[in-house]
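Structure, as structure tokens:
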Amino acid sequence: EFAHSMLRRAVTLLHEREDREGEADALHSLATLARRDGDYQLAFTYLDKATVLTEANSAVRTKCGNTRGLCLVAMGQWTAAELEFRAALQSAEEQNDEHYVRLIAHNLGTPAGMRGDFGEALRWLSRMLRKDGQGEPAAPMPQETVAHLNIARCYLYRGDFASSEKHLDSALELCQLFNLV
């Protein structure tokens, strides 16, 4: 509740200062909280307001597209979610925002996996795993834990138990490294 209160106050103050991008970012944060609470209609309301405030090339608009896609996934609207993720991915790529490119690409793997297209899901999910300039794994990030877990699931469904076990081991190592549950 404290976060809700602070963000609503931030929206008001940023609106008064005519900081459209800042206001949109605060609205996106409120949408994220609403999504996590399972109130998707409220999340869509905040996302719509944030989108209206931003320019087409805004990083906040990219985040809004990703969050809208996550809401749609939770609602079981896979095709609509995939369209949102693809638009958000294009925006992130145009902005060279590697962090969001990886997150959104990973999110694109979920609809593919749900429809049983595990090859396509693996292609998207593996983009979350960072590489250095020579194609070697880069320093690990906590978010990669979920990527390894989801990649392991795809290999499991394909019957490739050795690859599944390899990615489960990687997920477990990252859980231990970052003290994740």
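Within the group Leu27, Leu42, which residue is part of a helix (DSSP H, G or I) and crowded, with 22+ Cβ neighbours inside 10 Å?
Values: Leu42 fails: crowded, with 22+ Cβ neighbours inside 10 Å.
Going through Leu27, Leu42 in turn, the sole match is Leu27.
Looking at this structure, is Asp160 out of contact with any helix residue (DSSP H, G or I) (no Cβ under 8 Å at 6 or more places or on another chain) and either within 24 Å of Phe44 (Cα to Cα) or open to solvent by 30 Å² or more (accessible area, probe 1.4 Å) (or both)? Don't jump to the end; show me each part of the working.
Working: out of contact with any helix residue (DSSP H, G or I) (no Cβ under 8 Å at 6 or more places or on another chain): yes; either within 24 Å of Phe44 (Cα to Cα) or open to solvent by 30 Å² or more (accessible area, probe 1.4 Å) (or both): yes.
Yes; evaluated as a whole, the condition is true for this residue.
Take residues that are under 24 Å from His15 (Cβ atoms) and open to solvent by less than 40 Å² (accessible area, probe 1.4 Å) and tell me which of the helices (runs of 4 or more DSSP H) falling wholly in the stretch 47-128 contain 2 or more. Lay out the reasoning, then the answer.
Values: elements: 59-74, 78-94, 98-114, 118-125.
Result: 59-74.
Quick check on Glu84: is it closer than 27 Å to Phe44 by Cα and either among the charged types (D, E, K, R) or in contact with a strand residue (DSSP E or B) (Cβ under 6 Å, 6 or more places away or on another chain) (or both)?
Here the answer is yes, as Glu84 does meet what is asked.
Is it true that some residue in the stretch 41-62 is of a type in the set (Val, Ile, Thr), closer than 26 Å to Asn150 by Cα and at pLDDT 95 or above? Walk me through how you get there before you give the answer.
Keep residues of the stretch 41-62 that are of a type in the set (Val, Ile, Thr), which gives 45, 51-52, 54, 60, 62.
Of the ones still in play, those that are also closer than 26 Å to Asn150 by Cα are 62.
Now restrict to residues that are at pLDDT 95 or above: 62.
Yes, the conditions are met somewhere in the stretch 41-62.
The values are calculated or read from the model by the stated rules, or taken from the named source; none is laboratory data. Remember, predicted model here, so these are calculated numbers, not experimental data. Methodologically, a virtual Cβ is constructed for each residue, glycine included, from the backbone with ideal geometry; neighbour enumeration extends over all protein chains shown. Remember, those area values only see protein heavy atoms, side chains included, never the ligands or the DNA or RNA. Shrake-Rupley method; radii C 1.70, N 1.55, O 1.52, S 1.80 Å.
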